[in-house]
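Quick notes on the structure that follows.
A short reminder: the numbers here are calculations on the coordinates, not readings from a lab. Fair warning: this is a prediction, and the values are worked out from it, not measured in the lab. Every residue, glycine as well, gets a Cβ built from its backbone with ideal geometry; the counts of neighbours run over all protein chains shown.
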Amino acid sequence: MINTSEILQTVRMITQEKLDIRTITMGISLYTCAHPDKNQLYTNIYDRITKQAEHLVKTGEDLEREFGIPIVNKRISVTPASLVAAACGDPIVVARAMDAAAKETGVNYIGGYTALVQKGMTASDRALIASLPEALSTTERVCASVNVASTRAGIDMDAVRLCGQAVKDIAEATRDTDASGCMKLVVFANAVEDNPFMAGAFHGPGEGDCCINVGISGPGVVKHALEVEAKGQPFDVVAETIKKTAFKITRVGQLIAREASSRLGVPFGIVDLSLAPTPAMGDSVAHILEEMGLEVCGCHGTTAALALLNDAVKKGGVLASSHVGGLSGAFIPVSEDIGMINAAACGALSLEKLEAMTCVCSVGLDMIAVPGDTPASTIAAIIADEAAIGMVNSKTTAVRIIPAPGKGVGDEVEFGGLFGRAPIMRVSPYSAEEFIARGGRIPAPLQSLKN
Amino acid sequence: MEKKNTAVVTVVGNDTIGIIARVSAALARHDANILDISQTVLSGMFNMIMIVDISLSRFAQLEEELTQLGKELGLQIRIQRSEIFDAMHRI
């Protein structure tokens, strides 16, 4: 029997420490929808998604009510659009069908406007990348991603150049809303096929027909546990405390995933062990790092603190779930974490430090605002640097960057809601133009001879 | 984990007359059977935990009434399926 203090601890985690399930994401294969005719393609996709996800939002709401835990997002991910649109040749049709289906089913975002081009691009991949500014400025809920590199294939530098340009063009196409379209594009290295988190979610080619993936959260719970159980203690105690807490958080994720999967009649995919922050007070990954004894996130020691956190969360979480997957690493999105926002605003956190932090955690330079006049080649070079870190270290890395039109260092971009706000960060003023203009592929790295 | 039909009701707030009576009456109206109660008052703060069998209850309606009652009494009343507690605290 569960005792009183355990019951009250669970209630406290939910009511005071912002424990929640960040997302239930239904992955849906669209292979059966491919068709050379545009109208038929649109209908096939719309019908497939709306039928499969008809009860997704309602089921999520029922679970919230019955288990008394908020489920912040209900979302859908689909087969990469460049594959589904290849026979038709016009990927924008897929974006429109996805957007309409998302609205009908009531999910707030749908991911999978995606091209996987780590080794090379098909005509359909090129068409999709070229269509990104239109797709992301004329749809509301569609999220896009491009995988430009992998440990096995190397980095496709032609795709990197195109993505750098695409980011600039999306910013321009959505300049009225501070380049908000850029929030919906993630450029990956080693993208995973079962990620439940937006904007980078897609239902990979190796996935089954349909599945339920769940993303957990709970930075506030981890921070509180450290305050109570590990104040001034050695790192051994810190790591143990985080592990125990991560176990509890993940068990809730596993429970919700299993319930959702059985009620929807869809197989359970994975639980993603990422600690996802929000801009709300008490829901910050940066504050966990600061609790370990750093004055401000971004100061020396931050990378080590993050490495410990990331590893301990995984160790605690793995035991708690039957299938772990997705990105599974601490997220450090600048605009979505109040501690990161403050650190960037006071100058403690630079782009260079963030890059170092991405070597030890998921998932990359996330929700970074940079000056609007940053050249496309510089953005491409930032993407290439991140892709190189992912490629060499056999991990997922990503770039979600917002060159805010008309803004410079010292300004701020306000996105609102879960997306938060981001101080514009300084980028190197020196050019990578010729480097990016070369194109071709950076060969895959050696994975042996590690001494 | 086998499927259970129990839920945990937690009531926290300032102590007033008739809290248990009102909560029990609400549970009875929705055919929820009380299996266990533990209750303490610490420096005026009322803390109650009830384990209830909800096999015959309609969860959504019961939850709504308890939340409404909580507002009336100025207390925080929550009802949650007990699996969430088992999941978190037992391997």
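Tell me which residues come under 5 Å, amide H to amide H, from residue A:73 once H is placed; ignore anything under 5 positions away on its chain.
Distant-sequence amide H within range of residue A:73: A:23, A:24.
Using the alpha-carbon centroid of each, what span in Å lies between the stretch A:136-177 and the stretch B:12-83?
Measuring centre to centre over Cα atoms gives 52 Å.
Compute the separation of the alpha-carbon centres of the stretch A:332-371 and the stretch A:372-451 and state it in Å as a whole number.
12 Å
Which whole-number percent gives the relative contact order of chain B, counting Cα pairs below 8 Å spaced six or more residues apart? Write down the numbers at each step before the final one.
Numbers: 140 pairs, mean separation 36.7, N = 91.
In percent, rounded to a whole number, it is 40.
In nm, give the distance between the simple-model label positions of residue A:37 and residue A:295, each being 7 Å from the Cα along the Cα-to-Cβ direction.
The two pseudo-label positions are separated by 6.9 nm.
In a shell of Cβ-Cβ distance under 13 Å around residue A:174, excluding residue A:174 itself, what net charge do Lys and Arg (+1) and Asp and Glu (-1) give? It would help to have the intermediate numbers written out before the result.
Values: positive: A:168, A:175, A:184; negative: A:134, A:140, A:169, A:172, A:176, A:178.
Here the count lands on -3.
Work out how much length residue A:58 to residue A:304 would gain on full extension: take 0.36 nm times their residue separation and subtract the Cα-Cα distance, in nm to one decimal.
Working: separation 246, 0.36 × 246 = 88.56 nm, distance 4.19 nm.
84.4 nm is the gain from fully extending residue A:58 to residue A:304.
Pop a pseudo-label 7 angstrom from the Cα along the beta-carbon direction at both residue A:12 and residue B:64 and give the gap in nm to one decimal.
3.4 nm
List nothing, just return the count: lysine pairs in the stretch A:21-189, 8 or more apart or interchain, with Cα separation under 27 Å.
Lysine pairs meeting the criterion: 15.
May I ask you to compute the full-extension gain from residue A:51 to residue A:237, defined as 0.36 nm times their residue separation minus their alpha-carbon distance, rounded to one decimal in nm? If you can, show how the numbers build up before the last one.
Details: separation 186, 0.36 × 186 = 66.96 nm, distance 4.90 nm.
Gain on stretching residue A:51 to residue A:237: 62.1 nm.
Quick check on the protein assembly as shown: helices-only [θ] at 222 nm, where DSSP H runs of length 4 and up contribute -39,500 (n - 2.57) each and the sum goes over total residues. Nearest 500, please.
-13000 deg cm²/dmol
I'd like the FRET efficiency for residue B:15 and residue A:104, computed as 1/(1 + (r/R0)^6) with the beta carbon distance as r and R0 of 45 Å, rounded to 0.05.
On the way: r = 49 Å, r/R0 = 1.09.
E between residue B:15 and residue A:104, to the nearest 0.05, is 0.40.
Whole percent per 20 Å bin, from 0 to the bin with the longest distance: what is P(r) over all C-alpha pairs of the protein assembly as shown?
22, 52, 23, 3
Over all pairs of distinct alpha carbons, what does the Kirkwood formula give as the hydrodynamic radius of the stretch A:214-435, in Å? Kindly include the intermediate steps, with their values, before the conclusion.
On the way: mean 1/r = 0.0555 Å⁻¹.
It works out to 18.0 Å.
Of A:214, A:392, how do they rank once you tally other Cβ atoms within 10 Å and put the fewest first? Present the calculation step by step, with values, prior to reporting the outcome.
Numbers: A:214 28, A:392 16.
Placing the least packed residue first, the sequence is A:392, A:214.
Compute the Kirkwood hydrodynamic radius of the stretch A:1-126, taking the inverse of the mean of 1/r over all pairs of distinct Cα atoms, and give it in Å to one decimal. Kindly include the intermediate steps, with their values, before the conclusion.
Working: mean 1/r = 0.0610 Å⁻¹.
For the stretch A:1-126, inverting the mean 1/r across all distinct Cα pairs yields 16.4 Å.
Hey, what D do you get for the stretch B:6-89 in µm²/s if you plug the Kirkwood alpha-carbon radius into Stokes-Einstein at 10 °C and 1.306 mPa s? Kindly include the intermediate steps, with their values, before the conclusion.
On the way: Rh = 12.9 Å.
So the translational diffusion coefficient is about 123 µm²/s.
When only alpha-carbon atoms are used, what values of Rg and Dmax, in angstrom, describe the stretch A:376-426?
Expressed in Å, the Cα Rg and Dmax of the stretch A:376-426 come to 13.4, 37.
Which of the helices in chain A, when you take each full DSSP H run, stretch at least 18 Å along the axis at their Cα atoms and have an average Kyte-Doolittle score of 0.0 or higher? Intermediate results must be reported in sequence, preceding the final value.
Numbers: long enough: A:38-52 (21 Å, -1.40); A:92-105 (20 Å, 0.55); A:123-138 (22 Å, 0.43); A:157-173 (24 Å, 0.32); A:235-264 (42 Å, 0.11); A:302-320 (27 Å, 0.82); A:376-393 (26 Å, 1.25).
Counting only whole DSSP H runs, the qualifying helices are A:92-105, A:123-138, A:157-173, A:235-264, A:302-320, A:376-393.
Whole-Å semi-axes of the stretch A:257-319's equivalent ellipsoid, largest first, each the root of 5 times a Cα gyration tensor eigenvalue?
Equivalent ellipsoid semi-axes, largest first: 32, 14, 7 Å.
For an R0 of 56 angstrom, estimate the FRET efficiency from the Cβ-Cβ distance between residue B:35 and residue A:414 and round to the nearest 0.05.
Numbers: r = 50 Å, r/R0 = 0.90.
With R0 = 56 Å, the Cβ-Cβ based efficiency is 0.65.
Starting from 0.36 nm per residue, how many nanometres of slack lie between residue A:4 and residue A:209 once their C-alpha separation is accounted for?
Working: separation 205, 0.36 × 205 = 73.80 nm, distance 4.28 nm.
Net length gain for the segment: 69.5 nm.
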